[in-house]
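Shown next, in structure tokens, is the structure this report addresses.
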Amino acid sequence: MKKIYLALTVAAASLISSCDMDLAPVGSLDDGNAIESVTDLMKARNGIYENLRSIATGGYVFYTDIQMDQFMGLTINGNQNGQFAHGNINSSISDIEGVWANCYSYIANANYLLGHADHVTANPDLDSDDLLEAKRYVAETRFARAYYYYYLFDHFCETYSPALGDVAAKGLPLVTVFNPTGDIAAYPGRSTMNETFKLIDDDLAAAYTDLKAYETETSYAVAPMAAYVNSYTVLALQARLALLRQDWKTAVAKANEVINSGIYTLADVDSYAAMWAQDASDELIFRPISTRTERGISSTGGAYIDGNPEMAYYVPTLGGALTTYVNGDVRFDAFFGIRSLRANGITYPAYVFNKYPGNTELNSGSNNDLMNMGKPFRLSETYLILAEAACEDGDLSNAGKALNDIRAARIAGYEEEIFSNADILRQQIREERTKELIGEGFRMSDLRRWNLGFKRDATYVQGSSLPEIFVTVDTQVEYTAGDYRYVWPIPNTEMENNPQLKGQQNPGY
């Protein structure tokens, strides 16, 4: 495994901290914004992309990772995101309430556009090109609505199983019509899991059909780093959802469609770090665009490091993160840097999490604002979906090939392995997923799906005194398999204001 050591000095960096997540909805629409034409539809669609851009960064990404096992809080962090790190998950956490409220705000924006789209697409005076464009905007919006419901399900619902699929109140409150009302009797209660997934599946199926038609009939060139949703973005989400539901055959089929398209290529050992620093790589399937003057995002890296090079808020744990990488693994240097942290007049050399180092093209001035574009869909995740699903479906050959492909792209001089034992292969796939996707918001969902618990590793690099400034309560966090905190609570304000949710809170809260 990777040999870990700490240098006694680090280079100074000019960084500034940034807020975690803007709780105000971005790109909101109101009923006064009439949609009468394809141009109006396009303007409304721009707001949908602002929402998609927002949900791909900041707290939407890092809250659950700080909650899990791969990071440890430091006493110099001012209790930033402390409730997540301490394992004190409850229905009154304002950040959880913000996630819930914002997602439903984004869903309302999507519903507004969809509710007015038929008026445009039914216009007999539209020529064929305009009709294709209009249907494209509708398809993108249906994808967005499906994505928000997926995100909510993955955070606020228990692990899917056929046994729970039709049980009442295990899914989400479903809203498909833009109809703001103060009539609490009209508020929806929670659906079944199958009802939630039917809405998601129907939206994605319709989105795929119309996006594929647009790409075919207009000769639209699908390419990596797409700023707009395309048919392969839909396939990537369908693969992720199939894995979530443990529908192994569908996960394999959808993942293979993306991989075998030949459009996307895994970053190699020479280009991998640049993908994170510059937000550019041919393995990015969907990358909502940000610019220096129109960022529309929050800092993801700002949850872990600060602009002051002697400061950090959360550091990677030893056993949960640092020692999992072998020598020659490009991800180690891409994800972890060294800083000399300062606390109580003492210097503590420490590894910090640097996967989101800040894209210089997004800085508002001369300082590093720690801003990176969101990367919600990458080819490597699709390979990992294929590997896990194929393994669980008993296809060790294809599972092993997908695992070897990932490792060959990440580890210099990697030699392929042959896997004949399903248990060993399963464990290695899980370890590879953990190494590749650290800090990208998947860890809580993965541990819940795998029915695993954890205990934070409070040890550190031999000879380091950094544990002196670990937050004591963080070192004691332990989750058992099936721990209720793997599922977030419905926010208390929602429970109080919606009488239909009575008795529908998640177990444990």
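The values are calculated or read from the model by the stated rules, or taken from the named source; none is laboratory data. In this text the structure is predicted, and so the values were computed from the model without any measurement. Please note: Cβ atoms are built from the backbone with ideal geometry, for glycine as well, and neighbour counts cover all protein chains shown. SASA here: full protein model, heavy atoms, side chains in, ligands and nucleic acids out. Shrake-Rupley method; radii C 1.70, N 1.55, O 1.52, S 1.80 Å.
Please get the size of the charge dipole for segment 356-509, origin at its Cα centre, with Cβ charges of +1 on Lys and Arg and -1 on Asp and Glu, quoted in debye to the nearest 20.
On the way: 16 positive and 24 negative charges, 54 e Å.
For segment 356-509, the charge dipole is close to 260 debye.
Considering only protein heavy atoms, with the full assembly of protein chains and a 1.4 angstrom probe, order HIS116, HIS155 by accessible area, largest first. List each step's numbers first, then the result.
Details: HIS116 55, HIS155 10 Å².
Reading off the accessible areas and sorting them downward yields HIS116, HIS155.
If DNA, RNA and ligands are ignored and the probe is 1.4 Å, what is the ranking of LYS375, LYS249 by accessible area, most exposed first?
Final ranking, largest accessible area leading: LYS249, LYS375.
Accessible surface for PHE332 stands near 10 Å², nearest 10, in the context of the full protein assembly shown (1.4 Å probe). Each residue of segment 291-306 was assigned a 3J(HN,Hα) from its phi angle through the Karplus curve 6.51 cos²θ - 1.76 cosθ + 1.60 (θ = phi - 60°); the sequence is 10, 4, 8, 9, 7, x, 10, 10, 6, 8, x, x, 6, 10, 10, 10 Hz, with glycine and proline shown as x. Between PHE377 and residues 5 or more places away or on another chain, which pairs have amide H atoms under 5 Å apart, with H built 1.01 Å from N, and which residues are they? So PHE377 has HN proximity to ILE285, PHE286.
Roughly speaking, to the nearest percent, how much of the chain's 1.4 Å accessible area is carbon and sulfur?
Values: 9540 of 19660 Å².
Carbon and sulfur: 49 percent of the exposed surface of the chain.
Residues whose amide H lies under 5 Å from that of ASN354, counting only those 5 or more places away or on a different chain, are PHE336, GLY337; hydrogens are built 1.01 Å from N in the peptide plane. State the answer as a single residue: which of PRO357, ASN497, LEU152 lies farthest towards the positive end of the charge dipole of the chain, with beta carbon charges of +1 for Lys and Arg and -1 for Asp and Glu, about the Cα centre. Most positive-ward Cα: PRO357.
Per DSSP H run of n ≥ 4, the term is -39500 (n - 2.57); total these for the chain, divide by its residue number, and report the mean residue ellipticity at 222 nm rounded to 500 deg cm²/dmol.
Values: 17 runs with 219 residues, N = 509.
About -13500 deg cm²/dmol.
This model, with +1 at the C-beta of Lys and Arg and -1 at the C-beta of Asp and Glu, gives segment 461-509 a dipole about its Cα centre of some 180 debye. With the whole protein complex present, SER219 retains an accessible surface near 100 Å², based on a 1.4 Å probe.
Using the Cα centre of segment 337-394 as the reference point, and only Cβ charges (+1 on K/R, -1 on D/E), how large is the resulting charge dipole? Debye, rounded to the nearest 20.
Numbers: 5 positive and 6 negative charges, 94 e Å.
The calculation lands at about 460 debye.
Its Cα gyration tensor gives segment 359-509 an equivalent ellipsoid; the semi-axes, largest first and in whole Å, are 32, 26, 21. Rolling a 1.4 angstrom probe over the protein heavy atoms with all chains in place gives the chain an accessible area of 39 Å² per residue.
Just list whichever of LYS43/LYS375; LYS43/LYS249; LYS170/LYS355; LYS135/LYS355; LYS212/LYS249; LYS135/LYS375 have alpha carbons separated by over 29 Å in the model shown.
Values: LYS43/LYS375 24 Å; LYS43/LYS249 39 Å; LYS170/LYS355 35 Å; LYS135/LYS355 37 Å; LYS212/LYS249 22 Å; LYS135/LYS375 25 Å.
Result: LYS43/LYS249; LYS170/LYS355; LYS135/LYS355 exceed 29 Å.
For the chain, the longest principal axis of the Cα atoms and the long axis of helix 379-392 meet at an angle of about 90 degrees. Excluding THR347 itself, calculate the net charge of residues whose Cβ lies under 15 Å from the Cβ of THR347, where each Lys or Arg counts +1 and each Asp or Glu counts -1. Overall, the nearby charge balance is 0. Using Cα centres only, tell me the gap between segment 329-349 and segment 464-509 in whole Å. What the calculation gives is 29 Å, centre to centre. For the chain, calculate the relative contact order in percent as a whole number, restricting contacts to Cα pairs under 8 Å that are 6 or more residues apart. The normalised contact order for the chain reaches 24 percent. Taking Cα atoms only, the orientation of helix 231-244 departs from the longest principal axis of the chain by about 60 degrees. Taking the longest Cα principal axis of the chain as reference, the axis of helix 128-156 is set at about 50 degrees.
Working note: Karplus 6.51/-1.76/1.60 with θ = phi - 60° gives segment 277-282 the couplings 7, 10, 6, 9, 5, 6 Hz, where Gly and Pro are set to x. Each of VAL269, VAL234 has its accessible area taken with a 1.4 Å probe; listed largest first, they run VAL269, VAL234. A cut-off of 5 Å between modelled amide H atoms, ignoring neighbours fewer than 5 places along the same chain, links TYR187 with no other residue.
Distance between the C-alpha centers of segment 48-87 and segment 430-460? Whole Å please. Rounded to whole Å, the Cα centres lie 15 Å apart.
Any idea what diffusion coefficient the chain gets from Stokes-Einstein, in µm²/s, Kirkwood Rh on alpha carbon pairs, 37 °C, 0.692 mPa s? Don't jump to the answer; show the numbers that get you there.
Details: Rh = 23.7 Å.
Reported coefficient: 139 µm²/s.
Annotation: ASP474 carries an accessible surface of approximately 0 Å², with a 1.4 Å probe and no ligand, DNA or RNA atoms counted.
Farthest toward the positive end of the dipole of the chain, out of ILE424, THR39, THR218, is the Cα of ILE424, where the dipole comes from beta carbon charges about the Cα centre.
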